[in-house]
Amino acid sequence: MTIETEEPALTVDELAARAGVTVRTVRFYSTKGLLPPPVIGPRRVGRYGPEHLARLALIEELQRQGLTLSAIERYLDRLPPGLDAHDLAVHRAVVASWAPDTVETMTREELARRAGRPLDEEDVARLAAMGVLGERAGDGSCRVDAGLLRLGLRLLDVPLSQEAILAARTVLVDHARAAAHALSRLLREDVAERDARAVRSLSADMQPLVVQALLTAFQRSLTQEVREWLGEPPESDGSP
């Protein structure tokens, strides 16, 4: 699903500053084809938009996961064309999910500082219900699933009831587990004769590909569901 995006308004210096990289890095990524070219405005000044910023953030996350430059190039080449900043942010969230689970203990003040916003009791209760926060200790601290924290904070602003969010989470978790089980069984049947080291290597190579395939299929299916809900005609798949 896509959203409206702002007009490109950042110079290369502003883009680099917002992304926390150097101008040289931006230009290097551009020459490698990792960043689309800017929009050329008045006085032949290149202007960059939210998509460029989101793509730089995705590249940063891929690097954090240990991918080489050539692997990042292959990953970006496989992305569907026309992704906007929202779509790229979704891909970045999926890439971030490859990292091992990290649980931290935080005080209420540390949690608010990490969130970048004050959190009232209702916010804390919603985060706990979503599984982001564990039980609070006597000193008020609690265990925080750092991998889910960013998603949980964004869900606080979604105009849906807590019951609807939890029901949606259950649907997603159940279907994700079913898909993982089916894919794992398929993998085991296909590599039954290989040793454990080969299986681990294949699993590591397949994981980003499988996640990307699932994400793309889900995005397209959800877009179609929304179009049907709104009574819009289905998008053409290009077939005669």
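Residues Arg78, Arg74: which one is more than 12 Å from the chain's Cα centre (by Cα), over 23 Å from Ala17 (Cβ atoms) and in contact (Cβ under 8 Å) with a residue 24 or more places away in the chain? Explain how you work it out, then say what you get.
Numbers: Arg74 fails: in contact (Cβ under 8 Å) with a residue 24 or more places away in the chain.
Only one candidate qualifies: Arg78.
Condition test on Arg43, is it farther than 22 Å from Arg220 by Cβ, of a type in the set (D, E, K, R) and open to solvent by 50 Å² or more (accessible area, probe 1.4 Å)? Give the derivation first.
Values: farther than 22 Å from Arg220 by Cβ: yes; of a type in the set (D, E, K, R): yes; open to solvent by 50 Å² or more (accessible area, probe 1.4 Å): yes.
Answer is yes for this residue.
Output the residues belonging to region 115-134 that are more than 24 Å from Leu172 (Cβ to Cβ) and of a type in the set (D, E, K, R).
Residues satisfying the conditions are Arg117, Asp120, Glu121.
Against the condition among the basic types (Lys, Arg) and open to solvent by less than 90 Å² (accessible area, probe 1.4 Å), how does Arg27 come out, does it pass? Talk me through it step by step, then tell me what you get.
Details: among the basic types (Lys, Arg): yes; open to solvent by less than 90 Å² (accessible area, probe 1.4 Å): no.
Against the criterion (among the basic types (Lys, Arg) and open to solvent by less than 90 Å² (accessible area, probe 1.4 Å)), Arg27 does not qualify.
The values are calculated or read from the model by the stated rules, or taken from the named source; none is laboratory data. For clarity, every value in this text was computed on a predicted model and none was experimentally measured. Every residue, glycine among them, receives a Cβ derived from its backbone with ideal geometry; neighbour counts consider all protein chains shown. To get the accessible areas, we keep the full protein, side chains included, count just its heavy atoms, and leave off ligands, DNA and RNA. Shrake-Rupley method; radii C 1.70, N 1.55, O 1.52, S 1.80 Å.
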